[in-house]
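Shown next, in C-alpha cells, is the structure this report addresses.
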Amino acid sequence: MPECDGFDVLELLGKDLPPAVLVTAYDHYALRAFEAGALDYLLKPFDNARFDLALDRAKQKIMLGRDLPRKLERLAIKGTGHVSFIRISEIDWIEAADYYAYLHVGPRTHLLRRSMSELEQDLDPATFCRIHRSTIVNCDRVRGLKISEDGEYEVLLENGNGLRLSRRYRKQLQARLGVRSSNFS
C-alpha cells in the first residue's frame, strides 16, 4: 500500500477493529501483527488451504460478534414533521403509558411508541432497572431512597423526582445498586 501499511490501518480503526488478517512477505512483522490484534498472519507465498483457514477464522469471529447483543445508544422519537434522537444515557426514567412510554430526559418528556417490556429488553440492565410495573429508572440518576410512614419506598432521583418502588422490584433494585438487604429492610 503506497500511503500506509497494515499497521497504520489497524491504528486508524482503533476500537472498531474487525477480524484482521495481515498478509505480507516478511515474517519479522508477525509478533507486531498479533500485538496489534490481528486474527491471523499470512506469509507470502501461501496456498489456498492456508488462505481458507484464515478466512474461516475471520468468518467465525464475525459470527460470534453477531450473536452478542448490541447495546442500544439512541432512540428515535417521531414528532410532527421531524425525528429527534435521544441518547439512552440522558434518560432519567421511563413511565408506561399503555403501549407507549414516556421518556423523562431532564425537564423534557418524550412519547415513544414502544412498550415497557420492549424497552426493558433493549436497555442495558447494568444501567436501567424496573422499579414498578410502570416505571424503569436509570440507576445512575438514583440519589437515594425515602421510606414513608407506611413502610413503602420512594426512589429519589438527582433531579428531585420521587418514584414509587414496588415490593416486587425491591430486591432487583437492591442488587443493581449494590446495597445489602440489611440496609434495605
Within the chain, longest stretch free of exposed GluC sites (Glu not before Pro) [DSSP loop, at most 16 other beta carbons within 10 Å]: 74-148
Across 101, 126, 30, the residue with the highest GNM fluctuation in the chain (Cα network, 10 Å cutoff) is 30
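What net charge do the residues around residue 135 carry, taking every other residue with its C-beta under 12 Å from that of residue 135, with Lys and Arg at +1 and Asp and Glu at -1? Please list the in-between numbers first.
On the way: positive: 130, 133, 164, 168; negative: 92, 95, 120, 154.
The answer is 0.
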Whether the chain is rounded, prolate or oblate, judged on the alpha carbon gyration tensor where a/c under 1.5 counts as rounded: prolate
Aspartates and glutamates whose Cα lies under 16 Å from that of residue 146, excluding same-chain neighbours fewer than 8 positions away: 154, 158
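Please identify every one of the trypsin sites (Lys or Arg not before Pro) in the range 78-185 that sits in a loop by DSSP and has no more than 12 other beta carbons within 10 Å of its own beta carbon. Before the final figure, lay out each step's value.
Details: sites: 78, 87, 108, 113, 114, 130, 133, 141, 143, 146, 164, 167, 168, 170, 171, 176, 180; in loops: 113, 114, 133, 180.
Passing sites in the range 78-185 are 113, 133, 180.
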Once both labels are modelled 7 Å past Cα along the beta-carbon direction, what's the residue 47-residue 168 spacing in nm? 6.4 nm
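Every read-out reported here was derived from the displayed coordinates using simple, explicitly stated rules and does not represent laboratory data. Values in this document were obtained by computation on a predicted structure and should not be read as measured data. Quick reminder, even Gly has a Cβ in these numbers, built from the backbone with ideal geometry, and neighbours come from all protein chains shown.
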